[in-house]
1. Residues 44, 9: which one is assigned to a helix (DSSP H, G or I) and not acidic (Asp, Glu)?
2. Mind checking which residues of region 1-36 are at pLDDT 85 or above and under 30 Å from residue 49 (Cβ atoms)?
3. Tell me the residue from 38, 13, 8, 33 that is touching a helix residue (DSSP H, G or I) at 6+ places or on another chain (Cβ under 7 Å) and surrounded by 10 or more Cβ atoms within 10 Å (Cβ to Cβ), please.
4. One residue is enough: does region 63-73 have a residue meeting the conditions exposed (fewer than 12 other Cβ atoms within 10 Å of the Cβ) and assigned to a helix (DSSP H, G or I)?
Amino acid sequence: MSDSGAPAIAGGAPVRTTPLPYGRHELNDDDRAAVIAALDSGMITGGSAVTRFEEALAERCGVAHAVAVCNGTAA
């Protein structure tokens, strides 16, 4: 990359012509159904779905316990 003068925000030429993709979600019908089931359960911040997820994650990682958190800051 070379120095092309002012940054795009200040009127210079943009470095990219298309937006840089941050991430693309891939949701199927089963994923959507699971979200609706969680919303309908009244327990979107806990409950059996979270317990099942923690148990499956612990098994997958080969550890005794796993704890789900809402984000990296909470972790």
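The values are calculated or read from the model by the stated rules, or taken from the named source; none is laboratory data. Please read these numbers as outputs of a predicted model, since none were measured by experiment. No Cβ is skipped: glycine too gets one built from the backbone with ideal geometry, and neighbour counts run over all protein chains shown.
1. On the way: 44 fails: assigned to a helix (DSSP H, G or I).
9 is the lone residue from the list that is assigned to a helix (DSSP H, G or I) and not acidic (Asp, Glu).
2. Passing the criteria: 26, 27, 28, 29, 30, 31, 32, 33, 34, 35, 36.
3. Only one candidate passes the filter, namely 38.
4. First, the residues of region 63-73 that are exposed (fewer than 12 other Cβ atoms within 10 Å of the Cβ): 63-65, 67, 69-73.
Subset that is assigned to a helix (DSSP H, G or I): none.
The answer is no; no qualifying residue exists.
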